[in-house]
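Participant: Starting off with a structure, shown below.
The values are calculated or read from the model by the stated rules, or taken from the named source; none is laboratory data. All values derive from a computational prediction rather than experimental measurement. Backbone-built Cβ (ideal geometry, glycine too); neighbour counts: all protein chains shown. Accessible surface is based on the protein model in full, side chains and every heavy atom, while ligands, DNA and RNA are left aside. Shrake-Rupley method; radii C 1.70, N 1.55, O 1.52, S 1.80 Å.
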Amino acid sequence: MSTPAAPEHRAIGLAPMTATHLADVLALGRHVYDTSVKPYTSWSLSAIARHLDSEAAACWVALDGERLAGFVLGSMGFDQRGDWGNLEWIASAPEYQGQGVASRLVKACCATLTEAGASAVVTDVESQNTASAALMRSNGFEASVSVTLFVRETPP
């Protein structure tokens with residue numbers, strides 16, 4: 001099995017996400033998120049739209065020309081904390097991973113949320129996702145609260 005050739009890269013630019021990016025963002029998310037891992041079972045068009053339609057959206061795309069290299073979805077409000085921003089979804093296309101795309105997206109999202117009044121930005125990372133944990137740590141996030149998801153499967 002051969003590895004697909006990396007695309008010829010031009011300068012990858014960041015832009016605020018718009019409705020024209022929805023299909024590509026949805027497709028990339030479906031490609032990179034393992035929705036069989038709980039609690040990550042809600043990747044959908046409505047998950048994207050909820051952020052894009054929020055009052056203080058912090059949704060960005062990374063573009064290599066017209067090609068989607070990555071995205072981040074964030075918005076103000078986390079649980080009962082209206083003054084916290086939430087960086088909820090981030091992805092880089094596999095052929096762009098390791099090139100700083102995700103880090104640039106994190107910075108853009110956090111800057112937008114800070115400008116909107118966030119006193120903190122929160123995100124969650126699945127415990128086995130060491131790459132995402134490293135990304136967040138390298139961008140100033142610190143592990144804070146550990147939550148264990150308890151699941152009781154129903155008997156057959």
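Participant: Looking only at residues that are under 22 Å from residue 124 (Cα atoms) and out of contact with any helix residue (DSSP H, G or I) (no Cβ under 9 Å at 6 or more places or on another chain) in region 1-34, which one is modelled with the lowest pLDDT?
Facilitator: Among those residues, the one meeting the criterion is 34.
Participant: Test residue 151 against the stated conditions and say whether it is over 18 Å from residue 79 (Cβ atoms) and open to solvent by less than 100 Å² (accessible area, probe 1.4 Å).
Facilitator: yes
Participant: Among the residues of region 69-86, is there at least one that is under 14 Å from residue 29 (Cβ atoms), open to solvent by 10 Å² or more (accessible area, probe 1.4 Å) and hydrophobic (A, V, I, L, M, F, W, C)?
Facilitator: Looking through region 69-86, none of the residues is under 14 Å from residue 29 (Cβ atoms), open to solvent by 10 Å² or more (accessible area, probe 1.4 Å) and hydrophobic (A, V, I, L, M, F, W, C).
Participant: In region 71-84, what count of residues is obtained for those that are over 8 Å from the mean Cα position of the chain (by Cα) and under 19 Å from residue 126 (Cα atoms)?
Facilitator: Counting residues in region 71-84 that are over 8 Å from the mean Cα position of the chain (by Cα) and under 19 Å from residue 126 (Cα atoms) gives 2.
Participant: Given the condition surrounded by 18 or more Cβ atoms within 10 Å (Cβ to Cβ), of a type in the set (Gly, Ala, Ser), under 28 Å from residue 22 (Cα atoms) and modelled with pLDDT under 95, answer yes or no: does some residue in region 99-112 qualify?
Facilitator: The answer is no, given that none of the residues of region 99-112 is surrounded by 18 or more Cβ atoms within 10 Å (Cβ to Cβ), of a type in the set (Gly, Ala, Ser), under 28 Å from residue 22 (Cα atoms) and modelled with pLDDT under 95.
Participant: Still on this structure, I have one more. Cβ-Cβ below 8 Å, separation at least six or inter-chain, first residue in region 98-121 and on the phi < 0 side of the Ramachandran plot, second exposed (fewer than 15 other Cβ atoms within 10 Å of the Cβ) and in a helix (DSSP H, G or I): which pairs?
Facilitator: 103/138; 121/114
Participant: Identify, by number, the condition in (1) within 20 Å of residue 134 (Cα to Cα); (2) modelled with pLDDT under 95; (3) β-branched (Val, Ile, Thr) that residue 72 doesn't meet.
Facilitator: Failed condition: (2).
Participant: Also, I was wondering about something else. So which of 94, 16 ends up being within 16 Å of the chain's Cα centre (by Cα), open to solvent by 10 Å² or more (accessible area, probe 1.4 Å) and under 15 Å from residue 113 (Cβ atoms)?
Facilitator: 16
Participant: What are the residues in region 113-156 that are over 14 Å from the mean Cα position of the chain (by Cα) and among the β-branched types (Val, Ile, Thr), if any?
Facilitator: Within region 113-156, 114, 130, 145, 147, 148, 151, 154 qualify.
Participant: So in region 24-68, with the set limited to residues that are closer than 26 Å to residue 150 by Cβ and aliphatic (A, V, I, L, M), which one is surrounded by the fewest Cβ atoms within 10 Å (Cβ to Cβ)?
Facilitator: Checked region 24-68; the qualifying residue surrounded by the fewest Cβ atoms within 10 Å (Cβ to Cβ) is 37.
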